[in-house]
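Below you'll find the structure, written out as structure tokens, and then a few comments.
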Amino acid sequence: MRKPIMAGNWKMFKTEIEAVDFCAKLKPLINDVSNITILICPSFPALPKVWDEIKDSKMALGAQNLHWEEEGAFTGEVSAAMLKCVGCSYVIIGHSERRQYFGETDVTVHKKLLAALKHNLSPIVCIGETLEQRDKNETFKVIETQVKGAFHGIDVKHWDNIVIAYEPVWAIGTGKTATPEQAQEVHAFIRGLLPAEVAPKTRILYGGSVKPENVKELMAKPDIDGGLVGGAALKIESFEKLIKY
Ligand code: 13P
């Protein structure tokens, strides 16, 4: 059985104070939740204080990026060990916004994946096609390239820790969700690309305008194992509904 994950990717929202306040308010609302992993991914500066707030709760902590090197002269970057040290157990890698605005490629995604695994951080590797690629019927080709680029050579023993997020770029922040059928089709395809011994147990999250109104239908699909949520994870009322879908 794959335990679902509901992850809030807060992107560049919420100061440390706002992030801690959110977690303090969410905590009592999720006391009885046990069948789902609840993950909060705040900005780097908020990580230590958020960890203080949530470490005895049902929530886990994730970062939104990392650098692949152990340490060094890489101004502005953050290593896997640094994330581990402030309570992170997950890290998002290769989000489409990082691919689009910060030059992230399948090559850097792969290197970051290796760094995360080495430090026992669960990577959430994001993949997904643009609208142009979908319109040109290139979705499956793009997904296959991204999956192979990220995961080539990864030993099966690491796969317990690996999470994949399918985020069609055209559905991110647009209010335009992939239909559950569109998402399921790609999720099943992704699972089919994974090594046979790990495919049934690997969690594949959907991301792109997940909200309380569509979460149930999405989660009902056999290959959708959770959500990586932006906008609807910024408000307690909607994130609580997603967690309790
Ligand atoms: P939205 O939920 O705001 O569409 O963002 C999705 C996303 O990018 C999560 O990583």
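Could you pull out the residue among Leu205, Leu218, Leu228 that is within 12 Å of the ligand (Cβ to nearest atom), surrounded by 20 or more Cβ atoms within 10 Å (Cβ to Cβ), under 25 Å from Glu18 (Cα atoms) and modelled with pLDDT of 95 or more?
Values: Leu205 fails: under 25 Å from Glu18 (Cα atoms); Leu218 fails: under 25 Å from Glu18 (Cα atoms).
Leu228 is the lone residue from the list that is within 12 Å of the ligand (Cβ to nearest atom), surrounded by 20 or more Cβ atoms within 10 Å (Cβ to Cβ), under 25 Å from Glu18 (Cα atoms) and modelled with pLDDT of 95 or more.
Those residues that are surrounded by 13 or more Cβ atoms within 10 Å (Cβ to Cβ), away from the ligand (no atom under 16 Å from the Cβ) and of a type in the set (D, E, K, R), I need them from the stretch 94-133; list them, please.
Asp106, Lys111, Lys118
Looking only at the stretch 225-237, which residues are in a loop (DSSP other than H, G, I, E, B) and closer than 17 Å to Val169 by Cα?
So the first thing to find is which residues in the stretch 225-237 are in a loop (DSSP other than H, G, I, E, B), and the list is 225, 230, 234-235.
The answer is Gly230, and nothing else.
In contact (Cβ under 8 Å) with a residue 12 or more places away in the chain and either among the small types (Gly, Ala, Ser) or outside any helix (DSSP H, G or I) (or both), is that true of Lys221?
Criteria met by Lys221.
The values are calculated or read from the model by the stated rules, or taken from the named source; none is laboratory data. For clarity, every value in this text was computed on a predicted model and none was experimentally measured. Backbone-built Cβ (ideal geometry, glycine too); neighbour counts: all protein chains shown.
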